[in-house]
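Trainee: Here it is, the structure, as structure tokens.
The values are calculated or read from the model by the stated rules, or taken from the named source; none is laboratory data. From a predicted model like this one, the values you see are computed outputs, not experimental measurements. So basically every Cβ, Gly included, is an ideal-geometry build from the backbone, and we count neighbours across all protein chains shown. Surface areas here come from the heavy atoms of the whole protein model, side chains and all, with no ligands, DNA or RNA. Shrake-Rupley method; radii C 1.70, N 1.55, O 1.52, S 1.80 Å.
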Amino acid sequence: MTNQKLESLLNQMTLDEKIAQLLQLATPFFEGSDNEGQITGPLAGLKISDEVIANTGSVLGASGAKEINNIQKAHLRKNRLGIPLLFMADVIHGYKTIFPVPLAIGCSWDLKLAEKSAEIAAKEAAVSGVHVTFAPMVDLARDPRWGRVMESTGEDPYLNSQFAKAFVRGFQGNDLQNDVNRVAACVKHFAAYGAPEGGRDYNTVDMSERQLREYYLPAYKAALDEGCEMVMTAFNTVDGIPATGNKKLLRDLLRDEWKFDGVLISDWGAVKEMIPHGVAEDEAEAAEKAILAGVDIEMMTACYPNNLKQLIESGKVDEALIDEAVLRILRLKDKLGLFGNPFRGADEQQEKELVMSSGHRQAARELAAKSSVLLKNNRVLPLPKDKKIAVVGPFAQNDDILGPWSWLGSKEEAIQLYEGVQNKVASSLLVTAKGCDIGTGTEDQLNEALKAAREADFIILALGEDSEMSGEAGSRADIRLPEVQLQLVKKMKQLGKPIVAVVFNGRPLDLHGVVEDVDAVLEAWYPGTEGGNAIADILFGDVNPSGKLAMSFPYSVGQIPVYYNSFNTGRPKDAPDAQERYVSQYLDIPNEPLFPFGFGLSFTTFAYSEPQLSAGHLTPEQPLTITTEVQNTGKLAGEEIVQLYIRDLSGEVVRPVKELKGFKKVFLQPGEKVEVLFTITEEQLRYHHSNLEFTSDNGKFHAFVGPDSQDGKAIPFELIK
Ligand code: GLC
């Protein structure tokens, strides 16, 4: 529809109808829904009339073409102007075919496969009636105590931005109106939800605006620059004001500075939560603050429908604000073609053919293998397929490998680790036993596992976190594996056999108690529907692991936050003239993480020649190039993620010791070498100054090209403007 027609529709709406359009409810409120739908937050008793429900603008958490079409039909019968509902849901890393959790995908550094995973998720969701997904989540995360790190792509603003764009491209495609196999994306959680104090979910976020703009905002901006249609507000405060009522963040920055004119939705209950936050005395004040801040849709509370009318009549809120919010929602419905076809791509027959198709599962298997990270390997991997193998541990046969945001994913149809191993090795050579549960164990379980392992030549020890220990409201103060699992490791080690630990988890863990006692560690994350096959592909050498950490693994929880792009301090421990005592250090642990950002091993080895610069300096007009030769010096073909880091040796504010500025994946046969070239531009050297100006300075820099954030020789160059 033209803007004129949309405005004409808006002008036909009563004030009550307009206000109800700003509400989003979960499926139980709607005629035609046949199940509870997806409940992802507190279900506070909502006092809303049938009339408001008949005029509600959107639905949260409905699924399946049949149910969604039934709800839409029933709604259109009741809605005076025939305005169709928008159906939104959390399709985070797969709809029914579940891909690895986003933090795992972040470790693949594979933007093409990431985009493909979102495209497949969109296809399965769209054919099942979903119009909008609440993804990508791009919150930068430096604190693994926070349960939702699994939903992010980690600690780096550049890598997060690249993935944000890839996910938006995959979800939305480039023609939402006509490509009914795509869904609108909703980038979240705006802003800086990944920085709660103490890593405790929903807790206070407090940082300088400069820190916010330099590290936490880039990925949201990248998603919007890629055309992301929606933004979701965060639960947390930003500079003392809850994001959902934060005019400076939402109106001044998001809408006025970034020119975002799409739909802005609150997170579940976040409008009303301004009351417990302590910035609203009641729901009326919460509604006033949210609408003045520019929040278009209130999710799952009723402050808007129960208060906006009075706020308008009292003159506290201008009806024009309601009109602009409604218009944005109508415009999104129009972009999705819903006025022409309220049922869009929902098709029961196609749903049966498309959802969980073998092609989709194969894509999930490929991405899961590329998302796994080999953290240790004392030449025990890959395993032979003709030896006796014991698969022991609480994740040996465990379907809880889809992760905490896998909603419609079917655990029953997930390939568990042991099944994956059985697809590689004759059953006569295999034995399995739990050894313990996730957090508890019995003597019998342990003895059964010891008996099984004694018969084997190799032990695969499958450990990890229950998905309930991860995800939303899943913060942990102790990020080690549960004690009973660490005891199992010790008992297995006493057998004196080669042990490969495979860890299923949603966060970087303190892997002490595992890494010292085993011969190999493979980080599997929550690998999704094809997890068992993907991990077995790696364990038996059918896939050579290439994943690299998108988030640092702390040496201990006491180190947190620990991240690679930190500042040097005035007393760096590793300075040439560093004192014994008076330096920035711990007395009891190292400063370095257990495993750094960008780290990951392969079954082969790669050698890097000393990087060469095209010149000693660059100018805004004349970039530099840096080239290095990478050679596969091992016996197996493999993929290497070559990383470019830059250090600004002296800024107007302190600058990180390293910043990721580029990466390239190269696949090399044994002995093969390839020249890898990066371009260094003046734009890449810009940063937020103390006055928030985003610009570069003349000065000296170092470039590093290497396999992770720790290695690589410093190559000096200058910027001359
Ligand atoms: C949840 C999450 C958000 C999700 C929303 C709808 O509380 O914070 O990420 O999209 O509610 O399920």
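Trainee: Suppose we keep just the DSSP beta bridges with both residues in the chain; what percent of those would be antiparallel, to 5?
Mentor: About 50 percent, rounded to the nearest 5.
Trainee: Then there is this: In deg cm²/dmol and to the nearest 500, what is the mean residue ellipticity at 222 nm of the chain if only DSSP H runs of at least 4 residues count, each as -39500 (n - 2.57), divided by the residue total?
Mentor: -7500 deg cm²/dmol
Trainee: While we're on this one: Semi-axes of the equivalent ellipsoid for the chain, please: Cα gyration tensor eigenvalues, times 5, square-rooted, ordered largest first, whole Å.
Mentor: Value: 43, 32, 24 Å, ordered largest first.
Trainee: How many angstrom lie between the C-alpha centres of segment 153-196 and segment 580-641?
Mentor: 28 Å
Trainee: With the full set of protein chains in place, find how many percent of the accessible area of segment 362-539 is carbon and sulfur; take the probe as 1.4 Å.
Mentor: 44 percent
Trainee: Given labels modelled 7 Å from the Cα in the Cβ direction, how far is it in nm from TRP258 to PHE694?
Mentor: 1.0 nm
Trainee: A follow-up question, please. Using 0.36 nm per residue of separation minus the Cα-Cα distance, give me the extension gain between ALA615 and LEU76 in nm, one decimal.
Mentor: Using 0.36 nm per residue and subtracting the Cα-Cα distance, I get 187.4 nm.
Trainee: Tell me which trypsin sites (Lys or Arg not before Pro) from segment 523-602 have a DSSP coil assignment and no more than 11 other beta carbons within 10 Å of their own.
Mentor: Answer by residue number: ARG581.
Trainee: A follow-up question, please. With a 1.4 Å probe and every protein chain kept in, tell me what percent of the accessible surface of segment 169-228 is carbon plus sulfur.
Mentor: 38 percent
Trainee: Starting from the Cα of LYS721, draw a straight line to each of the lysines and keep only those under 24 Å, dropping any in the same chain fewer than 8 residues away.
Mentor: Excluding near neighbours in sequence, the set is LYS658, LYS661, LYS700.
Trainee: Also, I was wondering about something else. Give me the 1.4 Å probe accessible area per residue for segment 604-719, excluding ligands and nucleic acids, in Å².
Mentor: Per residue, segment 604-719 has 45 Å² of solvent-accessible surface.
Trainee: Taking 0.36 nm per residue of separation and subtracting the Cα-Cα distance, what length does fully extending SER410 through THR2 add?
Mentor: Stretched out fully, the SER410 to THR2 stretch lengthens by 142.7 nm.
Trainee: Let me ask something additional. Taking the Cα centre of segment 389-495 as the origin and placing charges on Cβ (Lys, Arg +1; Asp, Glu -1), which of SER470, GLN494, ALA452 is farthest toward the positive end of the dipole?
Mentor: GLN494
Trainee: Still on this model: Evaluate the distance, in nm, between pseudo-label points positioned 7 Å from the Cα of LYS47 and of ALA714 along their respective Cα→Cβ axes.
Mentor: 6.6 nm
Trainee: Moving on. Run the numbers on segment 399-545 and let me know its relative contact order in percent, using alpha-carbon pairs under 8 Å that are six or more apart.
Mentor: RCO, segment 399-545: 33 percent.
Trainee: Excluding residues on the same chain fewer than 8 positions from LYS18, give the lysines whose Cα lies under 23 Å from its Cα.
Mentor: Within the straight-line limit of under 23 Å, LYS18 reaches these lysines: LYS5, LYS47, LYS73, LYS78, LYS247, LYS272, LYS289, LYS309, LYS316, LYS333, LYS335.
Trainee: Is the C-alpha gyration tensor of segment 586-721 telling us rounded, prolate or oblate? Criteria: a/c under 1.5 is rounded; beyond that, a/b larger than b/c is prolate, otherwise oblate.
Mentor: Verdict is oblate for segment 586-721.
Trainee: Assign one of three labels to segment 354-431, namely rounded, prolate or oblate, based on the Cα gyration tensor with a ≥ b ≥ c the square roots of its eigenvalues; rounded applies when a/c is under 1.5, prolate when it is not and a/b is larger than b/c, and oblate otherwise.
Mentor: Since a/c reaches 1.5 and a/b is larger than b/c, the shape of segment 354-431 is classed as prolate.
Trainee: Order of 624-633, 666-675, 146-155 by packing, highest average Cβ count within 10 Å first?
Mentor: 146-155, 624-633, 666-675
Trainee: Calculate, for THR204 and ARG581, the FRET efficiency according to 1/(1 + (r/R0)^6) with r their C-beta to C-beta distance and R0 35 Å; round to the nearest 0.05.
Mentor: 0.55
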